[in-house]
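The values are calculated or read from the model by the stated rules, or taken from the named source; none is laboratory data. Quick caveat: nothing in here was measured; it's all calculated off a predicted structure. As a convention, Cβ positions derive from the backbone with ideal geometry for all residues, glycine included, and neighbour counts pool all protein chains shown. The accessibility values were calculated without ligands, DNA or RNA, using every heavy atom of the protein model including side chains. Shrake-Rupley method; radii C 1.70, N 1.55, O 1.52, S 1.80 Å.
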Amino acid sequence: MTASSPAGARPPGPARTTRLGQNQYGKAETRLVRVVRDGATHHIRDLNVSVALSGAMDAVHYSGDNSAVLTTDTTKNTVYAFAKEHGVASPEAFAVHLARHFVGSAPSIERARIRMEEYAWERIAAPSAEPGGPGTAPAPAPASDDKRHSFARTGRETRTTEVTFDGTAWQVISGLKDLVVMNTTDSEFWGFAKDPYTTLKETRDRILATEVTARWRHDWTGDAQDAPDWDDSWARARAELLAAFAGTYSLSLQQTLYAMGARVIEQLPDVAEIRLSLPNKHHFLVDLEPFGLKNDNEVYFAADRPYGLIEGTVLREGAEAAIAVTD
Ligand SMILES: O=c1[nH]c(=O)c2[nH]c(=O)[nH]c2[nH]1
């Protein structure tokens, strides 16, 4: 993908032993909070934006000629200016806007990849009036319901987005990470392969817990008319992941992974592919016999490591895998 600049960009010298490979650059982790003031009711989007640009960048690497470099500082400034000028309708829509802008913003910029994390906040309920009384400060005026500018950061998962544009093709990947879920039953694990090192006991009833990382790719051409409602689409995908986790009687985490991915593909017509990474957050039964107690699958030790790591991609029939397998 990375184009070459004129051969003159390379320093003169004897036989070369090296050459530049894939490269990209940009400002990582620009923290942006965008407030929309709708009268007294405010709305916020809290984002962590990472821009990665690539193109004709041989000269800067070979000789320090910076003339093709749109600075990382400029990319950060653009994030803030676009947040003001265009707003943040959704992480995906904002990332599409930025990617479209960066490609061709300088002749050297041929590809842009925008990653975002979004942190969830919820409204703090409007406070009721304090009781006043002798010797106390006057009670504040009762807060009206529309005085809504107070938020608490939730302990929920982080929403993620990755948008890549090369001047022609779009790739929009939505996702989430750190979504911790648990089934306290309806999970078994038995019938697995055994060798001389196998000590794991078969179980017909265990806790199944994981911390979901999911990324799903939309089949989208870049036509604004066809763009999904990104927020609605994300909420639906999240709900389907949870429904599949809760609703699958699990014989293995691998089976649960496939059920979760398949359900998203089946329920969201524009999703072509989903990749899941599911650490098996093991819960081991504590041996209570030394205390003369029977453990009827009630008392567990929650281990944090090591953990099984189950990962996989589920594809719509006919779709090609395109989500990068990172690790
Ligand atoms: O659902 C599971 N899948 C495995 O591959 C595995 N391996 C293991 O030790 N426990 C489990 N559980």
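Kindly evaluate D219 against the criterion of being among the acidic types (D, E) and in contact with a helix residue (DSSP H, G or I) (Cβ under 8 Å, 6 or more places away or on another chain). Taking the combined requirement at face value, the residue does not satisfy it. All but one of (1) in a loop (DSSP other than H, G, I, E, B); (2) farther than 18 Å from T203 by Cβ hold for T313, so report the exception by its number. Every listed condition holds for T313 apart from (1). Inside the stretch 98-119, residues that are over 16 Å from S174 (Cβ atoms) and not aliphatic (A, V, I, L, M) make up a count of 9. Among the candidates L276, L285, L315, the residue that is within 16 Å of the ligand (Cβ to nearest atom) and crowded, with 18+ Cβ neighbours inside 10 Å is uniquely L276. Every condition in (1) open to solvent by 70 Å² or more (accessible area, probe 1.4 Å); (2) over 19 Å from E202 (Cα atoms) is met by A322 except one, and the failing one is (1).
To keep it simple, each residue is scored yes or no on (1) open to solvent by 40 Å² or more (accessible area, probe 1.4 Å); (2) in the same structural domain as E211 (by TED's automatic domain parsing); (3) more than 21 Å from the chain's Cα centre (by Cα).
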position	(1), (2), (3)
Q225	yes, yes, yes
R236	yes, yes, no
L242	yes, yes, no
F245	no, yes, no
T256	no, yes, no
G292	yes, yes, yes
V299	yes, yes, yes
A303	no, yes, yes
P306	yes, yes, yes
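Selection of the stretch 174-208 for residues being among the charged types (D, E, K, R) and within 11 Å of the ligand (Cβ to nearest atom) yields E188, K201, E202, R206.
Apart from one condition, D178 fits all of (1) open to solvent by less than 50 Å² (accessible area, probe 1.4 Å); (2) assigned to a strand (DSSP E or B); the exception is (1). Being of a type in the set (F, W, Y) and farther than 21 Å from L241 by Cβ is the filter; apply it to the stretch 288-312 and report the residue that is farthest from the ligand (Cβ to nearest atom). Here the residue is F291.
Quick grid of which residues meet (1) modelled with pLDDT under 95; (2) farther than 30 Å from R16 by Cα; (3) surrounded by fewer than 20 Cβ atoms within 10 Å (Cβ to Cβ):
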{"site": "V51", "(1), (2), (3)": "no, yes, no"}
{"site": "G55", "(1), (2), (3)": "no, no, no"}
{"site": "S63", "(1), (2), (3)": "no, no, yes"}
{"site": "D73", "(1), (2), (3)": "no, yes, yes"}
{"site": "P91", "(1), (2), (3)": "no, yes, no"}
{"site": "R100", "(1), (2), (3)": "no, yes, yes"}
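Selection over the stretch 209-223 of residues that are in contact (Cβ under 8 Å) with a residue 40 or more places away in the chain, open to solvent by 40 Å² or more (accessible area, probe 1.4 Å) and more than 16 Å from the ligand (Cβ to nearest atom) gives a count of 4. Might you let me know whether the stretch 24-35 holds any residue that is modelled with pLDDT of 95 or more, over 27 Å from the mean Cα position of the chain (by Cα) and assigned to a loop (DSSP other than H, G, I, E, B)? Checked the stretch 24-35: no residue is modelled with pLDDT of 95 or more, over 27 Å from the mean Cα position of the chain (by Cα) and assigned to a loop (DSSP other than H, G, I, E, B).
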